[in-house]
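Accompanying notes for the structure given below.
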Amino acid sequence: MAKCEVCGNDYDKSMEVTMAGKRHTFDSFECAIHALAPPCQHCQCRIIGHGVEAGGKMFCCANCARNAGATEIRDRA
Ligand SMILES: [Zn+2]
Ligand SMILES: [Zn+2]
């Protein structure tokens, strides 16, 4: 059993995620997303899909990248 590092829940079906060599423990995808998913630089929503990278910034979709001034952007899914 392990404690979720986001909400502190002690859950017997917890999950472990390794990101950039660091191990994280969560009780749910919701908490994992909260802790690890990067926010869209335009609408601030959590990027849980492929996302779009433009000019070193992450966006949730091509539309947000375009709204933030990036041109020639297409979804890379
Ligand atoms: Zn949690
Ligand atoms: Zn967005």
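The values are calculated or read from the model by the stated rules, or taken from the named source; none is laboratory data. Quantities reported herein were computed from a predicted structural model and do not represent experimental measurements. A quick note on method: Cβ atoms are made from the backbone with ideal geometry, for glycine too, and the neighbour counts reach across all protein chains shown. These area figures cover heavy atoms from the full protein model, side chains too; ligands, DNA and RNA do not enter into them. Shrake-Rupley method; radii C 1.70, N 1.55, O 1.52, S 1.80 Å.
Quick look at the values:
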| quantity | calculated |
| --- | --- |
| Breaking point among (1) out of contact with any Ser or Thr (no Cβ under 7 Å at 6 or more places or on another chain); (2) assigned to a loop (DSSP other than H, G, I, E, B), for Glu5 | (1) |
| Failed item in (1) closer than 29 Å to Lys3 by Cβ; (2) open to solvent by 90 Å² or more (accessible area, probe 1.4 Å), with Met58 passing the rest | (2) |
| Residue in segment 32-51 that is in contact with an Asp or Glu (Cβ under 6 Å, 6 or more places away or on another chain), away from ligand 1 (no atom under 16 Å from the Cβ) and not hydroxyl-bearing (Ser, Thr, Tyr) present | no |
| Pairs where the first residue, in segment 39-63, is in a strand (DSSP E or B) and the second is among the polar types (S, T, N, Q) and surrounded by 13 or more Cβ atoms within 10 Å (Cβ to Cβ), C-beta under 8 Å, 6+ apart | Lys57/Gln41; Met58/Gln41; Phe59/Gln41 |
| Selection from segment 22-31 of residues that are under 11 Å from the mean Cα position of the chain (by Cα) and either open to solvent by 90 Å² or more (accessible area, probe 1.4 Å) or more than 16 Å from ligand 1 (Cβ to nearest atom) (or both) | Phe29, Glu30 |
